[in-house]
Amino acid sequence: MPSFAKIGLLTTLLAAGAAYQATSDTNAHETQHDIACLIEASTSAGTTTLTGIVRGAPGESGQYRLSISGGDGRNSTRTSQGGAFSIAPNGEAQTGVVRLSSGGVYDADMQISKGGETHTCSTRIGDRI
């Protein structure tokens, strides 16, 4: 009978150890977040609005630079803005908003830096003929 007690104790210890390891692995994966950027474009009433968005873990912070160039054939623009960001509880930070006349072709680039890492995203709004 003592051997069955030892086997039962060993089985219980192994199961507890496996459950702890599974919990530790899950927590490690949940706390690892990648940071990413995107540039959203919307058009309304003759205006194109470009919004820089950073996605990551809530509370993460860093720096951004949003650069826009292009135009509609009659007018052109080249602008750049930057500053700090902090990821909100929903996992996003709005970094910058630029409003331009619709009908043009614009190239937008955003660079974000956090903890020594740099990420970039780019998009073209409009279409060249």
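The values are calculated or read from the model by the stated rules, or taken from the named source; none is laboratory data. Predicted model only: the values in this text are computed from it and were never measured. Glycine gets a Cβ as well: all are built from the backbone with ideal geometry, and neighbour counts include every protein chain shown.
Here are some notes:
- Flag for residue 70 being outside any strand (DSSP E or B) and either over 23 Å from residue 127 (Cβ atoms) or in contact with a Gly (Cβ under 9 Å, 6 or more places away or on another chain) (or both): no
- Every residue from the stretch 87-107 that is over 23 Å from residue 69 (Cβ atoms) and either of a type in the set (A, V, I, L, M) or not assigned by TED's automatic domain parsing to the domain that holds residue 75 (or both): 87, 88, 93
Here's the yes/no breakdown for (1) assigned by TED's automatic domain parsing to the domain that holds residue 120; (2) in contact (Cβ under 8 Å) with a residue 12 or more places away in the chain; (3) not charged (D, E, K, R):
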site	(1), (2), (3)
42	yes, no, yes
47	yes, yes, yes
53	yes, yes, yes
57	yes, yes, yes
66	yes, yes, yes
72	yes, yes, no
